1. Take region A:538-573 and flag every residue that is more than 7 Å from chain B (Cβ to nearest Cβ), crowded, with 19+ Cβ neighbours inside 10 Å and farther than 24 Å from B:Arg171 by Cβ.
2. Under 8 Å by Cβ, and 6 or more places apart or on different chains, what pairs join a residue from region A:139-164 that is without any contact (Cβ under 8 Å) to a residue 12 or more places away in the chain with one that is hydroxyl-bearing (Ser, Thr, Tyr) and assigned to a loop (DSSP other than H, G, I, E, B)?
3. Condition test on B:Gly142, is it within 30 Å of A:Thr236 (Cβ to Cβ) and under 20 Å from the mean Cα position of the chain (by Cα)?
4. Quick one: A:Leu63 ticks every box in (1) aliphatic (A, V, I, L, M); (2) buried (at least 21 other Cβ atoms within 10 Å of the Cβ); (3) more than 17 Å from the chain's Cα centre (by Cα) except a single one, so which number is it?
5. Of all residues in region A:230-249, which are in a helix (DSSP H, G or I) and surrounded by fewer than 24 Cβ atoms within 10 Å (Cβ to Cβ)?
6. Provide a single number: the residues in region A:175-210 that are touching a Lys or Arg at 6+ places or on another chain (Cβ under 9 Å) and away from chain B (no Cβ under 14 Å).
7. Filter region B:169-185 for residues that are crowded, with 21+ Cβ neighbours inside 10 Å and either of a type in the set (Val, Ile, Thr) or over 20 Å from the mean Cα position of the chain (by Cα) (or both) and give the result.
Amino acid sequence: MKTKAVIDDLAELETTWADPPGWMGVISAVNHKTISCRFMVATFAFFVAGGLLALLIRLQLALPSATFLSAEKYNQIFTMHGTTMMFLFAVPVMQAIAIYLVPLMIGARSVAFPRMNAFAFWIFLFGGVMLYVAFFFDRGPDTGWFAYVPLSSFKYSPGKGVDFWAQMITFTEVSAMMEAIVLITTILKMRAPGMSLARMPLFVWGVLVTSVMVLFALPAVVLASTALITDRLVDTRFYAPEHGGDVLLWQHLFWFFGHPEVYLIFIPPLGFISSIVATFARRPIVGYRAMVIALIATGFLAFGLWVHHMFATDLPPLGKIFFTAASLMIALPTAVQIFCWIATLWSGRLWLRTPLLFILGFFAILLLGGLTGLMLASVPLDLQLHDTYFVVAHLHYVLLGGAVFPLFGAFYYWFPKFTGRMLSETLGRWQFGLFFIAFNVAFFPMHILGLQGMPRRVYTYPADAGWTGLNLLSSIGALGIAVSVLLFIINVMRSWRGGALAGADPWSAGTLEWSVASPPPSANFNVVPVVHALDPLWEPPASPSHVTGLSTRYREILITSIVDADLDHRLWLPASTPWPFIAAIATTILFIGSIFSPWAVVWAMLPVAAACTLWFWPERGMTEQRAATEVAP
Amino acid sequence: MIPRQPDDALDVKHLPTFAFGTRSPMWWGTLGMIVVEGMVFALTIMAYFYLRSRSPVWPQDSLPPDLLWGTVNVILMLASGVPNWWTKRAAEQLDLLRVRIGMAICGLFGVASLLVRIAEFNTLNVRWDASAYGSVVWMLMGLHTTHLLTDTYDSIVLGVLMWAGPLEGKRFVDVAENAGYWYFVVVSWLAVYAVVFWGARV
């Protein structure tokens, strides 16, 4: 029974944490769930856009000597496809989901730095939209998603496309680095009391490892693309050999980021899998500590692999041997995790629902992608297969198998939490079946095409090359993937309003996000829990069970210690505000302006500085209330 | 939902409402920025030596930068560590008067370093478009100048707030973190100085 006082408290808590309504709410929202939902929708929209581009590619390649697309348009389309999927979908979607789930999984009422979180979303959105606007005006980049110099230098790509590409990198990577800082701080400082590191869900561990990797990996691509754009716009000479520059510098910088990026895409899904496997095997995960160590080891080893993208360059053989060894070594921590999952599934009672189906699909697909990865990691074979469709097949098996399969599983799993409704199981099974079959029909033939010598990125091929049948088959598979994604969209649309009500914990899962209503209230937890176990909902209640003494009138949160999550201090988070949105607009003007005039960096700095200052400047009334109730350390 | 009893609660009312150092989320946020920016510096320095290793002569077709103003800035920045240390301690002791004085002095040091920086750019002896050497030197100098400029501006804004704005305990944490970040600006200058001014000589 709830007393009137409790109901009043809950109403006040909701008012305190809710973002303002109406259009002001649209631009001043800072609640992590609102920002995350927008982020997820934006990244999914980019996924669909990138998928439609892939369909155009497959239509063009379905038959020999096709003239559906010109060579120039084809170059833009495959560049946009790769760029979209890597920079606007795969990495950000993982962060978007983490922004929603991490606070709920660790018993926090918000993320740290909610305004910076909002800013990161806005500049991501503006950067992605800018790239697509350029593409629709036929100014899309056309030098591949990794934009190798000298092709992408001004001499060989004089249009503005590469400049837009380079600035899109700046937008999205700045966003990703900010999100990483938000997530790291949230995870280390805002866990509910009692949630020591050893009781942290594996998904949260995955996000922590990924976020730390982001801080070390992404600066490389920001530096690379900045040097590219200054080469193009103000005649610096980083990549110009005739002026003492070096084109391989680009490849080193790009792949120093690019290989860890694969793991930025791959590690969060490992967390999805651990969550889903535990829930649907109805038991805690086997080998929790081994899993954590494997995640951390993967994070480290991922930085020792970048040169394996460069085996076809004139690097010293000893270096290549080192990178071959590192590439083989990273299979070990992955294997540890796969064996732990198999042990969990083996010893559990399986409940075969759509989320688990996608995870089982992951095992099959990723195994194939991993095996071709081992093949490509050996230098002599790589020299044969480099730049052929074998590599295209490999990377799609790894990325779709490693990321998209678990992502769909995760979406079926957490959709009830996001919306309060279940996705249709029947449609889900159809979607999974079609996706699994169509994926293999689309991408398996590419292995053979690659072995037969079909190069990547060709816009057509002659009929007598003998590649027609397999290409047609692959294109049919691509259509199947499209239908499967369409089924998913229909499922989401229908279930959003009309799906079965989920309740707080439809899967009888063990982690904290399932202890609150679906969708969760603005403050996440009506009372902040105290944690006593790895799967708190599967353990008998222990004392103390919850926290009291946090304000319901202000956005007050609890800060705890890093290792043991002991009580440390209370903190007020800032109010909702449009300033992050305005600062993001100002930053966008600076970034886009600099494509057209280097002086934009100077004059557009002023509105950016003004917006950031006003964003920071505290509000007098709120500050006085805080000062009046302060407890000094 | 687990049934909850009132006596089953962990009361947090007595906890402080702000804290310094690693206890504060602000410290971790600042550390994250320092890691990112430190990586950018480290990678640019690696690019410098990578280009140098691929070049038969270094610097390519130009004289090394004049030592005078860069060295002056080293001295200036090392000296700025003292008021920053002093201000940080004052903030941790919640001593508003000393914080106000300290922020003013730190701001002046920032402005002085920026003025010296103009002279440094004038005596680099190379343009960014002359060669890859020139490009990477300008990139390093530009990166550091961006840090110098933004952190000096930050310090001034925060200083004005400490003098005139609405104050609460958390602002002392901001002052302490701001001073901590300045150390990063100083240390990164030592690295950039060593590379730009001595990498072209040694």
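1. A:Ala565 - this is the single residue of region A:538-573 that is more than 7 Å from chain B (Cβ to nearest Cβ), crowded, with 19+ Cβ neighbours inside 10 Å and farther than 24 Å from B:Arg171 by Cβ.
2. Correct list of pairs: A:Leu151/A:Thr143; A:Leu151/A:Ser157.
3. yes
4. Going through (1) aliphatic (A, V, I, L, M); (2) buried (at least 21 other Cβ atoms within 10 Å of the Cβ); (3) more than 17 Å from the chain's Cα centre (by Cα) one by one, A:Leu63 breaks only (2).
5. Listed by number, the residues that qualify are A:Thr230, A:Arg232, A:Leu233, A:Val234, A:Pro241, A:Glu242, A:His243, A:Val247, A:Leu248, A:Leu249.
6. 5
7. Listed by number, the residues that qualify are B:Val173, B:Val175, B:Val185.
Quick grid of which residues meet (1) in contact with a helix residue (DSSP H, G or I) (Cβ under 7 Å, 6 or more places away or on another chain); (2) in a helix (DSSP H, G or I); (3) more than 8 Å from every other protein chain (Cβ to nearest Cβ); (4) among the β-branched types (Val, Ile, Thr):
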{"site": "B:Ala119", "(1), (2), (3), (4)": "yes, yes, yes, no"}
{"site": "B:Gly134", "(1), (2), (3), (4)": "no, yes, no, no"}
{"site": "B:Asp151", "(1), (2), (3), (4)": "yes, yes, yes, no"}
{"site": "B:Asp154", "(1), (2), (3), (4)": "yes, yes, yes, no"}
{"site": "B:Gly159", "(1), (2), (3), (4)": "yes, yes, yes, no"}
{"site": "B:Pro166", "(1), (2), (3), (4)": "yes, no, no, no"}
{"site": "B:Tyr181", "(1), (2), (3), (4)": "yes, yes, yes, no"}
{"site": "B:Val185", "(1), (2), (3), (4)": "yes, yes, yes, yes"}
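A short reminder: the numbers here are calculations on the coordinates, not readings from a lab. Keep in mind that this is a model prediction, so the values were computed, not measured. Virtual Cβ from ideal backbone geometry, glycine too; neighbours counted across all protein chains shown.
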